[in-house]
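Enquirer: For reference, the structure I am asking about is given below.
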Amino acid sequence: MTDTDHYESSVREKRAEKVAEFESHSKGVMSRVQHALHVTPALVPLIVLIASIVIFGLLLGSRFFSPFALTLILQQVQIVGIVAAAQSLVILTAGIDLSVGAIMVLSSVVMGQFTFRYGIPAPIAVLCGLTVGTACGFVNGWLVSVMRLPPFIVTLGSWQIFLATNYLYSANETIRAQEIEANAPILQLFGAKFEIGGAVFTVGVVFMIALIVVLGWVLRQTAWGRHVYAVGDDAEAAQLSGVNVKRTLISVYMLSGLICAFAGWALIGRIGSVSPTSGYDANIESITAVVIGGISLFGGRGSIMGSLFGALIVGVFSLGLRLLGADAQWTYFFIGVLIIAAVAVDQWIRKVSA
Amino acid sequence: MKTLLAGTALALVAAAGGAQAESHMQDVSACLITKTDTNPFFVKMREGAQQAADELGISLNAYAGTVDGDHETQVDAIETCIANGASGILITASDTSAIVSAVEQARDAGLLVIALDTPLNPIDAADATFATDNFKAGELIGQWARAQLGDEAENAKIAMLDLGVSQPSVDVLRDQGFLTGFGIDVKDPNKWGDEDDPRIVGNDVTAGNEEGGRTAMENLLAKDPEINVVYTINEPAAAGAYEALKAIGRENDVLIVSIDGGCPGVANVADGIIGATSQQYPLDMARLGVEAIAQYAEDGTLPENTEGKDFYDTGVKLVTDKPVDGVESVSVEEGQNLCWG
């Protein structure tokens, strides 16, 4: 036996000792925080949301801190919130969907044009619109899972295709709010509002919140939901443990398309009319909400609640800064800061699992 | 048999004559390059250009970007037109600065280049510009709103719904035109938002669509719920603003003014949703453009600018059913006959 051998074996022993040791005793406050955030990813955006409401409330007083203004924010983020729910599902599978806004607008145009161009009863036209949205999602999902193309490229292409289809089909014609109100009020269903002591809610807002709560439950509590996380975390490992990855992916993109179509319906409620030029940047806005909401772009981690908080944070900053009289540029400036901060926090949290 | 032969000969002569006339037509050709081919505004433009080309017996090739802002396709189109030996190009540029080098190439190759609707940057990069006077369009609705309010104009609370934070020239001209017409000091006329008149509640951006119009209006209403005059960059933004006002039950006591003259917008004037709108004429822009190219091909005459302006003004009219003294306007009915989209 040489000295070198002794040396090696002592290293080996040390290493073994280390593996057996529990590190939790030596954890500082920061690593406890890190651990808590890792377990509850929606915590960061929730804290930021509450902090920003408090800060703007202090700066602006009752103008901001009123049931009217606070529920106005809900109304303003409802479209982005619904689309962000769809985006979250896709991003949880380590994908990305750039076509969400296009699917939304195309679906709303189908609902409107089917009713007014062909005289189809409005409820059936709505169903057609929802079907078109789901079909668009299926195309994306099929290309991603069966053809194995990268989601970024697939949806970059389908974004253009759906948007062009929307413009070509609609001939960029707007259907006016007054015509819809007179002939097919069901198209504006999501715009119907009710008041509870100064707070104004619309059907669209209620739908957004209900959608996020239900999706949150489904993702946590059902086999399908756990499969979505598993596929996003490591598709190969998921496949080996018996998850049907292809079917899960296709179902995620289809559901995402369906939710976008609902967003299209809600869009009609919000703006009154059917307009092919609205919502073209919903893809970027929804990705912003999802990222600020703490859902990892690398897939498999984050909670869908977070994306709602993310959308609300953007809404609070937009309205708050505008009430302060700041130039509209500042909103974009701060949203940019938030995005980078959110990703930095995400990276830091990831270290706990590394 | 003889008659048959004679008939054939006649037919041949006629055919030859026709072919000759056709080849004469082919001598002159014009190109129309628009931002997109789906926006009703550009559809109308194409219609006007085609009509004029048919009347003058020249051929027209139309090109368009796939989306607004598609610069590359427009450059490709200019190169195609040069290669085709066209006499002139009509273009609504997506990127008014970047297109300049391609336009120079075309002018060097002897083509007449006319900017339609959107001036190039600098404006003299094109041989001529046929466009709406956007400042005048804004001024008309500003004057109208002021006259509608009468003495109350001194206490007006105005919401300014603009296009975007990048403040493109059309956005600035319309905004500053409106304020000038209303009698408000605009400070620097090259940007909006620097005014300090207390009657302006605030500026917000709409992206020129319904959704942006509604959100912007909500933001400004949250700032001051007493707003009673709303300027909007275009009619979709106005429709969105109306929805926001309706949501708080104020749709009947607020004056909304707008610019464009699209058919849905004029219909909104008819319904009293928009008080007045300034109508522009894409059909005329294109028609006049094609005529100018035909003229240039014939004897080399260059189109001249409207007196006192650095472009050819294709006209703008105020459309309203509530005419006021001192501001020329046309009825909604006439506006509907001239509307586009």
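The values are calculated or read from the model by the stated rules, or taken from the named source; none is laboratory data. Remember, it's a predicted structure, so these values are computed and weren't measured experimentally. Positions of Cβ are backbone-derived with ideal geometry, glycine not excepted, and every protein chain shown enters the neighbour counts.
Enquirer: Is at least one residue of segment A:155-164 over 19 Å from A:R270 (Cα atoms) and over 23 Å from the mean Cα position of the chain (by Cα)?
Expert: For segment A:155-164, residues over 19 Å from A:R270 (Cα atoms) and over 23 Å from the mean Cα position of the chain (by Cα): present.
Enquirer: So, one more: Determine, yes or no, whether B:R174 is buried (at least 20 other Cβ atoms within 10 Å of the Cβ) and either away from chain A (no Cβ under 14 Å) or of a type in the set (S, T, N, Q) (or both).
Expert: So B:R174 fits the description; yes.
Enquirer: Take segment B:198-220 and flag every residue that is touching a residue at least 40 places away in the same chain (Cβ under 8 Å), more than 27 Å from the chain's Cα centre (by Cα) and buried (at least 24 other Cβ atoms within 10 Å of the Cβ).
Expert: B:L220
Enquirer: Continuing with this model, one more query. Please pick out the residue among A:E173, A:E179 that is on the phi < 0 side of the Ramachandran plot, in a helix (DSSP H, G or I) and at pLDDT below 95. Quick ask: steps written out before the conclusion?
Expert: On the way: A:E173 fails: in a helix (DSSP H, G or I).
Of the residues listed, the single one that is on the phi < 0 side of the Ramachandran plot, in a helix (DSSP H, G or I) and at pLDDT below 95 is A:E179.
Enquirer: Here's something else I'd like to know. Take B:G48 and decide whether it is out of contact with any strand residue (DSSP E or B) (no Cβ under 9 Å at 6 or more places or on another chain), within 14 Å of another protein chain (Cβ to nearest Cβ), closer than 30 Å to B:V266 by Cβ and not aromatic (F, W, Y).
Expert: In short, no.
Enquirer: When residues of segment B:146-163 are filtered for being farther than 30 Å from B:R287 by Cβ and within 22 Å of the chain's Cα centre (by Cα), how many remain?
Expert: 3
Enquirer: Okay, moving on. Suppose the filter is in contact with a Gly (Cβ under 9 Å, 6 or more places away or on another chain), within 14 Å of chain B (Cβ to nearest Cβ) and either closer than 17 Å to A:D281 by Cα or not charged (D, E, K, R) (or both); does A:G191 pass it?
Expert: It is true that A:G191 is in contact with a Gly (Cβ under 9 Å, 6 or more places away or on another chain), within 14 Å of chain B (Cβ to nearest Cβ) and either closer than 17 Å to A:D281 by Cα or not charged (D, E, K, R) (or both).
Enquirer: Go through segment A:145-186 and give me each residue that's touching a residue at least 60 places away in the same chain (Cβ under 8 Å) and among the aromatic types (F, W, Y).
Expert: Hits for segment A:145-186 are A:W159, A:F162, A:Y167, A:Y169.
Enquirer: I've got another one for you. Quick check on my filter: what residues within segment A:285-329 are without any contact (Cβ under 8 Å) to a residue 24 or more places away in the chain and of a type outside the set (D, E, K, R)? Explain how you work it out, then say what you get.
Expert: Step one: filter segment A:285-329 for residues without any contact (Cβ under 8 Å) to a residue 24 or more places away in the chain, giving A:321-322, A:325-329.
Residues satisfying the conditions are A:L321, A:G325, A:A326, A:A328, A:Q329.
Enquirer: Now for a different question. Just to verify a result, which residue in segment A:301-319, among those that are of a type outside the set (S, T, Y) and facing another protein chain (nearest Cβ under 10 Å), is nearest to A:L46 (Cα to Cα)? Before you say what the answer is, go through the steps one by one.
Expert: We begin by selecting, within segment A:301-319, every residue of a type outside the set (S, T, Y); these are A:301-302, A:304-306, A:308-317, A:319.
Pick out the ones that are also facing another protein chain (nearest Cβ under 10 Å) and you get A:315, A:319.
Values: A:G315: 14, A:L319: 18 Å.
Filtering first and then ranking leaves A:G315.
One line per residue, one yes/no per condition, for (1) assigned by TED's automatic domain parsing to the domain that holds B:D127; (2) closer than 28 Å to A:T71 by Cα:
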residue	(1), (2)
B:D188	no, no
B:I200	no, yes
B:V205	no, yes
B:R214	no, yes
B:I227	no, yes
B:Y231	no, yes
B:K246	no, yes
B:S258	no, no
B:R287	yes, no
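For (1) modelled with pLDDT of 90 or more; (2) of a type outside the set (A, V, I, L, M, F, W, C); (3) over 22 Å from A:T277 (Cβ atoms), each residue gets a yes or a no:
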{"position": "B:D37", "(1), (2), (3)": "no, yes, no"}
{"position": "B:F42", "(1), (2), (3)": "no, no, no"}
{"position": "B:A49", "(1), (2), (3)": "yes, no, yes"}
{"position": "B:N61", "(1), (2), (3)": "yes, yes, yes"}
{"position": "B:A64", "(1), (2), (3)": "no, no, no"}
{"position": "B:H71", "(1), (2), (3)": "no, yes, no"}
{"position": "B:G85", "(1), (2), (3)": "no, yes, yes"}
{"position": "B:T96", "(1), (2), (3)": "no, yes, no"}
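Enquirer: Further question on the same structure: Tell me whether segment A:157-169 contains one or more residues that are under 17 Å from A:V83 (Cβ atoms), among the aliphatic types (A, V, I, L, M), assigned to a helix (DSSP H, G or I) and within 11 Å of chain B (Cβ to nearest Cβ).
Expert: Checked against the condition, which is being under 17 Å from A:V83 (Cβ atoms), among the aliphatic types (A, V, I, L, M), assigned to a helix (DSSP H, G or I) and within 11 Å of chain B (Cβ to nearest Cβ), segment A:157-169 yields at least one hit.
Enquirer: Which residue is nearest to the other protein chains (Cβ to nearest Cβ), if the candidates are limited to segment A:199-230 and must be free of Cβ contacts under 8 Å to residues at least 40 places away in the same chain and surrounded by 18 or more Cβ atoms within 10 Å (Cβ to Cβ)?
Expert: By that ranking, first place goes to A:G225.
Enquirer: OK, next. For segment B:244-267, enumerate the residues that are small (G, A, S) and more than 10 Å from every other protein chain (Cβ to nearest Cβ).
Expert: Listed by number, the residues that qualify are B:G249, B:S258, B:G261.
Enquirer: Still on this model: Give the residue that is surrounded by the fewest Cβ atoms within 10 Å (Cβ to Cβ), with candidates limited to residues of segment B:51-70 that are in a loop (DSSP other than H, G, I, E, B) and within 14 Å of chain A (Cβ to nearest Cβ).
Expert: B:G69
Enquirer: Regarding segment B:118-140, can at least one residue be identified that is part of a loop (DSSP other than H, G, I, E, B) and more than 30 Å from B:S258 (Cα to Cα)? First the steps, then the outcome.
Expert: Step one: list which residues in segment B:118-140 are part of a loop (DSSP other than H, G, I, E, B), which gives B:118-122, B:126-127, B:132-133.
Then drop every residue that is not more than 30 Å from B:S258 (Cα to Cα), which leaves B:127.
Yes, segment B:118-140 has at least one match.
Enquirer: Exactly one of (1) under 20 Å from the mean Cα position of the chain (by Cα); (2) away from every other protein chain (no Cβ under 14 Å); (3) crowded, with 21+ Cβ neighbours inside 10 Å is unmet by B:K35. Its number?
Expert: The number of the failed condition is (2).
Enquirer: Which condition breaks for A:Y118 when tested against (1) in a helix (DSSP H, G or I); (2) over 15 Å from A:S256 (Cβ atoms); (3) aromatic (F, W, Y)?
Expert: Going through (1) in a helix (DSSP H, G or I); (2) over 15 Å from A:S256 (Cβ atoms); (3) aromatic (F, W, Y) one by one, A:Y118 breaks only (1).
Enquirer: Follow-up question, since we're still on this one. Just need a number here: residues in segment B:223-237 that are in contact (Cβ under 8 Å) with a residue 40 or more places away in the chain and over 15 Å from the mean Cα position of the chain (by Cα).
Expert: Within segment B:223-237, residues that are in contact (Cβ under 8 Å) with a residue 40 or more places away in the chain and over 15 Å from the mean Cα position of the chain (by Cα) number 9.
Enquirer: Confirm whether A:G320 is more than 11 Å from the chain's Cα centre (by Cα) and part of a helix (DSSP H, G or I).
Expert: It is true that A:G320 is more than 11 Å from the chain's Cα centre (by Cα) and part of a helix (DSSP H, G or I).
Enquirer: Return the only residue of A:S107, A:S31 being touching a residue at least 40 places away in the same chain (Cβ under 8 Å), farther than 30 Å from A:W348 by Cα and small (G, A, S).
Expert: Working: A:S31 fails: farther than 30 Å from A:W348 by Cα.
Every option except A:S107 fails the conditions.
Enquirer: How many residues does segment B:190-243 contain that are hydroxyl-bearing (S, T, Y) and within 11 Å of chain A (Cβ to nearest Cβ)?
Expert: Of the residues in segment B:190-243, 3 are hydroxyl-bearing (S, T, Y) and within 11 Å of chain A (Cβ to nearest Cβ).
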